[in-house]
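Here the structure is laid out as structure tokens; the discussion comes afterwards.
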Amino acid sequence: MTTPADVYDNPLIGRYASREMAERWGPLRKFRTWRRLWLALAEAETELGLTADDGHSPRIRPEQLAELRAHLDDIDLGRAADHERRLRHDVMAHIHALGDVAPGVRDVVHLGATSCYVTDNADLILMRESLGQVCDTLAAAVDALARFAERWKDEPTLGFTHFQPAQLTTVGKRACLWLYDLVIDLKELERRRDELPFRGAKGTTGTQASFLALFRGDHDKVKRLDRLVAEKMGFGHVFPVTGQTYSRKIDTQVLDALSGLGQSAHKWGNDLRLLAHRQEIDEPFESEQVGSSAMAYKRNPMRAERMCSLARYVMGLPAMAANTAATQWFERTLDDSAARRLYIPQAFLAADAVLRIALNLANGLVVNRPVITRNVRDYLPYMATENLMMAAVQAGADRQEAHEVIRRHSHEVTAKVKAGEGSATELFDRLKADPAFAGVDFGSALDPRGFVGRAPEQVAEFVADEVEPIRARYAGKLGLTAELRV
């Protein structure tokens, strides 16, 4: 359904998220899931004995199940909306809408259930499917960024602490810092996906009293019904206890995991924006892309900026879920409903949008090697001083005296560079001439590869230990790409 141009259109739908994620959280998918839940309940009740008309329990006939199966997808949203305006109850509206097209099931649909049987269970189904999609896309992004790290594992670049030049690292090693955060996120998201329980058939306040009445006090059948419905909907375990709703802490935990993904993407995006400012790494930039409506020369890191912006939105949503979990009264209160309709779908839509940008970036980063090499060359004399100091000590110099010589000369050279007089290479000339460094071999001191430590090896080890198992688990999902709509 296209949103009319004269009303607000959620940008997550129109601009950022994938069609797959948007459709999953759309009304048709939700209400079709409700009908499948009603079918699973009716089938399970039938299999456990609600088929005989004994005068005490309703009888579910095979033709009623067949009629229900035949009308799982023919949902008239307009008719359901009419019912809801009259009834002021969305679940009852859709029970009536189902009865309009399948009148033969009116007396057995939703039998023994409360509204949360369909609303909560459907949310859990959609959350688990969405977690699966998030994990698939994240694994593809990890693979793409790992390929970038492997390609550039040997390329020396300035490392920074406090955003001040520190020791050298490599382009690939820095990418592994981004990667590791994403790997942590993937493990947590997989855990949430795999451990997500099903609410099952718990009744109005979670006591299963209605089902116990249906099965005339047979506790074993009621327990089996709970498990059987879950199995029919693809879940291996159910919540051990619930009120009318499942514990809203589960929503908080899921949104916290999505927030973790947002945190990692935001950190990576911020680094890319800083590197773009230094002109060391660029994000993809298309041939007709415009950086500014006024400054035609600009090449802004709009992908990284957008990823940070959407990630910040994801990071802000868990607070609402936490407030909901904290303020539920006894077995349930309805003040959770409206908020959950907003923050659960939008958390997944925004996380999906973040990942689409991450995938686009990981597959298209541009390394400007000449700029990186120049920046390394400009600062290398400072980077080399620690090694030179150790060499001077080995040659017989006093360590503190050598440190003071380096401190004095480096600050004097820096002051001249800042004044536009000379370059950092003067530091080498000064140290060579200083008696404290007599006998030190300066010949190899300007080779950047001597200052990256084990960075190249760390990249290879990290990919082998952390990324390869992900590649094996998601072999059929790797190589995904994402084209941004705007």
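Read-outs throughout are calculated quantities, based only on the coordinates presented, and are distinct from any laboratory measurement. All figures in this text were calculated on a predicted structure; none of them were measured in a lab. Positions of Cβ are backbone-derived with ideal geometry, glycine not excepted, and every protein chain shown enters the neighbour counts.
Okay, here's what the table says:
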read-out	value
Unsatisfied cross-links (Cα-Cα over 27 Å) in the set K187/K221; K173/K477; K202/K232	K187/K221
Computed FRET value (nearest 0.05) for N270 with H89, which takes r as the C-beta separation and R₀ as 45 Å	0.45
Neighbourhood charge, 9 Å Cβ-Cβ cut-off, centred on Y16 and excluding it, Lys, Arg +1 and Asp, Glu -1	+3
The stretch 227-373 - Rg (one decimal) and Dmax (whole number), Cα, Å	20.9, 65
The chain - charge dipole about Cα centre, Lys and Arg +1 at Cβ, Asp and Glu -1, debye rounded to 20	520
On Cα atoms only, tilt of 115-151 relative to the major axis of the chain in degrees	20
Over the chain: Rg over Rh, Cα atoms, Kirkwood Rh	1.15
Inter-label distance, nm, simple model (7 Å from Cα along the C-beta direction), V101/R369	6.1
Centroid-to-centroid separation of the stretch 150-207 and the stretch 65-118 [C-alpha atoms, Å]	43
With Cα atoms, 0 to 90° folded angle of helix 369-383 axis to the chain main axis	60
Segment F330-R407, length gained on full extension (0.36 nm per residue, minus Cα span)	21.0 nm
Alpha-carbon centroids, the stretch 357-412 and the stretch 310-350: separation in whole Å	48
Relative exposure of H277, H96, H237, judged by other C-beta atoms within 10 Å (fewest first)	H277, H237, H96
Kirkwood Rh and Cα Rg combined as Rg/Rh, the stretch 1-145	1.07
Scattering curve values for the stretch 65-205, log₁₀ I(q)/I(0), Debye with Cα scatterers, q = 0.21, 0.22 Å⁻¹	-1.20, -1.24
Within-15-Å neighbourhood charge of A40 [Cβ basis; K, R +1; D, E -1]	+3
Estimated FRET transfer efficiency when R0 is 56 angstrom, pair V7-T425 (beta carbons, to 0.05)	0.30
Length released on extending from N300 to R312, taking residue separation times 0.36 nm less the Cα-Cα span	2.4 nm
Compactness of the stretch 188-228, expressed as Rg and Dmax over alpha-carbon positions, Å	13.4, 43
Stretch gain in nm, segment D136-D74, where the contour uses 0.36 nm per residue and the Cα spacing is subtracted	19.3 nm
Where labels lie 7 Å past Cα in the beta-carbon direction, separation of R377 and E47 in nm	7.3
Equivalent ellipsoid semi-axes, the stretch 356-486, via Cα gyration tensor eigenvalues times 5, rooted, Å	43, 21, 10
Residue-count net charge about M92 - beta-carbon cut-off 10 Å; Lys, Arg +1, Asp, Glu -1	0
Distance histogram for the stretch 418-463 (every C-alpha pair counted, 5 angstrom bins, percent rounded to whole numbers)	4, 16, 17, 16, 14, 13, 9, 8, 4, 0
Simple label model, 7 Å out from Cα along Cβ direction - Q400 to L177, nm	3.3
Förster radius 41 Å - calculated FRET efficiency between T481 and Q279, Cβ distance, rounded to 0.05	0.95
For the stretch 175-295, size of Cβ-based charge dipole, Lys and Arg +1, Asp and Glu -1, in debye	1080
Neighbour-count ranking [beta-carbon atoms within 10 angstrom, fewest first] of H266, H411	H411, H266
Ascending count of other beta-carbon atoms within 10 Å, so fewest first, for S247, S130	S247, S130
Debye intensity ratio in log₁₀ form over the Cα atoms of the stretch 385-445, taken at each q of 0.25 Å⁻¹	-1.00
